[in-house]
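Single-structure report; data block below.
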Amino acid sequence: MKTPLYYQMSEYDCGTVTLLNAIKYLFPREVIPPDVIKAITTYSLDTYNPDGEVGKHGTSKAAMKFIAEWLNHNGPIKGLPIHGSYYAGDRVHLGEKSEVIDAIQKGGVAIFRLNYGGEHYVLATKADTTSQYLYLFDPYLDEDLKYTDGIVLLDGFPYAYNRKVPFHFFEEEEYSKVYALGKKENREAIVYSVQD
């Protein structure tokens, strides 16, 4: 049985929650081993804020990469056939011949690091290349987004997504704009898929 995706408990746990949501989206709860949940919660929220408080600057890029490698190695050993692929730079785009869009359309998911008032992680679960929309589960509940022209908040899809966002938002290179991936050389995404 699959279970609904969830929202952040704090201002800082978007990385943790998005990783857990990727697992929840791809697998029914009966096959998700506790070791996987423990590893994600242990290795994420690893950064410090300027006051030296742990976790209060979210999850680092290094931790996201480490967790992907941990899942690649340990997931199959624990009975979870998952594979994560790290993409960076100009490989992270939503245009023609996008490897990330291709993976989503084949049943995978993508975790993007983008701008949402600072670095933020979201889960992409569906791509509509005809209408040029990416369907996301953004773990940050923010009703004010309904006033952002082009972004559509969606109810009724708790197992998959909670908004659809036009591709052009992500392709924005000015990192201060909402959902902007930023300059190509700084872009990152991790694609997770179920291995046969």
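Tabulated data
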{"quantity": "Region 49-96: number of residues that are farther than 18 Å from A124 by Cβ, assigned to a loop (DSSP other than H, G, I, E, B) and either in contact with a Gly (Cβ under 7 Å, 6 or more places away or on another chain) or not aliphatic (A, V, I, L, M) (or both)", "calculated": "13"}
{"quantity": "All positions within region 97-120 that are in contact with a helix residue (DSSP H, G or I) (Cβ under 9 Å, 6 or more places away or on another chain) and either of a type in the set (F, W, Y) or assigned to a strand (DSSP E or B) (or both)", "calculated": "V109, A110, I111, F112, R113, L114, Y116, E119, H120"}
{"quantity": "Subset of region 146-160 [free of Cβ contacts under 8 Å to residues at least 40 places away in the same chain and touching a Lys or Arg at 6+ places or on another chain (Cβ under 7 Å)]", "calculated": "I151, V152, L153, L154"}
{"quantity": "Any pair with Cβ under 8 angstrom, 6 or more apart, that starts in region 21-34 at a residue that is under 17 Å from I67 (Cα atoms) and ends at one that is at pLDDT 95 or above and part of a helix (DSSP H, G or I)", "calculated": "I23/V36; I23/I37; I23/I40; I32/I23; I32/K24"}
{"quantity": "Matching residues, region 33-44, being buried (at least 20 other Cβ atoms within 10 Å of the Cβ) and in contact with a helix residue (DSSP H, G or I) (Cβ under 6 Å, 6 or more places away or on another chain)", "calculated": "I40, S44"}
{"quantity": "A160 vs. criteria crowded, with 17+ Cβ neighbours inside 10 Å and touching an Asp or Glu at 6+ places or on another chain (Cβ under 6 Å)", "calculated": "no"}
{"quantity": "Region 25-56: number of residues that are touching a Leu at 6+ places or on another chain (Cβ under 6 Å) and among the basic types (K, R)", "calculated": "0"}
{"quantity": "Count of residues meeting criterion [among the polar types (S, T, N, Q) and either surrounded by 19 or more Cβ atoms within 10 Å (Cβ to Cβ) or under 24 Å from S60 (Cα atoms) (or both)] in region 89-115", "calculated": "2"}
{"quantity": "Residue match in region 132-142 (condition: polar (S, T, N, Q) and at positive phi)", "calculated": "yes"}
{"quantity": "Failed criterion for A39 (all others in (1) closer than 30 Å to H168 by Cα; (2) not in a loop (DSSP other than H, G, I, E, B) hold)", "calculated": "(1)"}
{"quantity": "Scan of region 121-139 for residues that are under 13 Å from the mean Cα position of the chain (by Cα) and surrounded by fewer than 20 Cβ atoms within 10 Å (Cβ to Cβ), ordered by number", "calculated": "K126"}
{"quantity": "Index of the failed condition, K146 passing every other in (1) more than 19 Å from E11 (Cα to Cα); (2) assigned to a loop (DSSP other than H, G, I, E, B)", "calculated": "(2)"}
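Per-residue answers, yes or no, for (1) more than 18 Å from I82 (Cα to Cα); (2) in contact (Cβ under 8 Å) with a residue 24 or more places away in the chain:
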site	(1), (2)
V109	no, yes
R113	yes, yes
Y116	yes, yes
E119	yes, yes
L123	no, yes
A127	yes, yes
S131	yes, no
L134	yes, yes
Y140	yes, yes
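The values are calculated or read from the model by the stated rules, or taken from the named source; none is laboratory data. Small disclaimer: the values here were computed from a predicted structure and weren't measured. Glycine gets a Cβ as well: all are built from the backbone with ideal geometry, and neighbour counts include every protein chain shown.
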